[in-house]
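Each remark here refers to the structure printed beneath this line.
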Amino acid sequence: MSPAKRLRSAGAVLGISLLVAVGLVPTVPSTEAAWTDAERATATGTSINIPEPIASGSPGCVASSGLLGANPRVTISWRAPAAATGYDLTKAEFGQIANQGLLEPILSNLLGNVQTSGNAAAYVTVIDGGLLTGLLGATKTFGIRFTGPGGWKSDWLVANATMGLLGANPQCTMATAASY
């Protein structure tokens with residue numbers, strides 16, 4: 001027999017031997033682990049978006065200094081977005097810049113210095129001089145946000161009020177800020 005034929009015969013015998021050996025190896029039986037369970041659950045989730053208040057009127061805020069900055073005042077005109085139902089003054093929370101530049105809720109009416117009037121179509125919030133001292137110039141930031149179901153909070157509607165020495169050049173601009 002030629003060497004090439006012997007090599008082919010040996011390869012065929014080896015291949016058949018491997019097939020027989022693989023066929024003789026026992027299979028591992030399937031096992032269900034003790035922690036598995038055939039029960040399944042499904043649920044449906046929904047998300048809500050708590051709308052932030054929006055400025056109403058033009059401009060949305062006005063800073064005034066009073067006589068030589070002695071009685072500064074910030075007036076903010078705001079409302080809930082038209083499509084947002086159920087958000088009114090009872091759901092509103094007021095804040096000011098406090099700790100590390102973050103807006104924090106005002107926990108009380110601060111001696112009557114914050115007054116809000118109007119209705120859901122148009123509120124006017126006035127912050128009087130006890131919070132914004134204008135004699136030496138000042139910059140203050142005030143915010144309004146809504147509290148929704150589950151205690152979730154909207155972003156802040158923010159009024160940034162500034163005035164110079166003795167109440168010179170009072171200005172106010174509006175923006176929004178994330179609620180943390």
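The values are calculated or read from the model by the stated rules, or taken from the named source; none is laboratory data. Fair warning: this is a prediction, and the values are worked out from it, not measured in the lab. Positions of Cβ are generated from backbone atoms using ideal geometry, with glycine treated the same way; all protein chains shown enter the neighbour counts. Note: accessible area is taken over every heavy atom of the protein model, side chains too, but ligands, DNA and RNA are not part of it. Shrake-Rupley method; radii C 1.70, N 1.55, O 1.52, S 1.80 Å.
With respect to ALA63, is the statement that it is out of contact with any Gly (no Cβ under 6 Å at 6 or more places or on another chain), of a type outside the set (Ser, Thr, Tyr) and open to solvent by less than 50 Å² (accessible area, probe 1.4 Å) true? Judged against the criteria, ALA63 is a match. Of note, LEU68 does not satisfy the criterion of being part of a loop (DSSP other than H, G, I, E, B) and either touching a helix residue (DSSP H, G or I) at 6+ places or on another chain (Cβ under 8 Å) or at pLDDT below 90 (or both). Among the residues in segment 90-97, are any at pLDDT 70 or above, open to solvent by 100 Å² or more (accessible area, probe 1.4 Å) and either within 22 Å of the chain's Cα centre (by Cα) or not small (Gly, Ala, Ser) (or both)? Yes, some residue in segment 90-97 is at pLDDT 70 or above, open to solvent by 100 Å² or more (accessible area, probe 1.4 Å) and either within 22 Å of the chain's Cα centre (by Cα) or not small (Gly, Ala, Ser) (or both).
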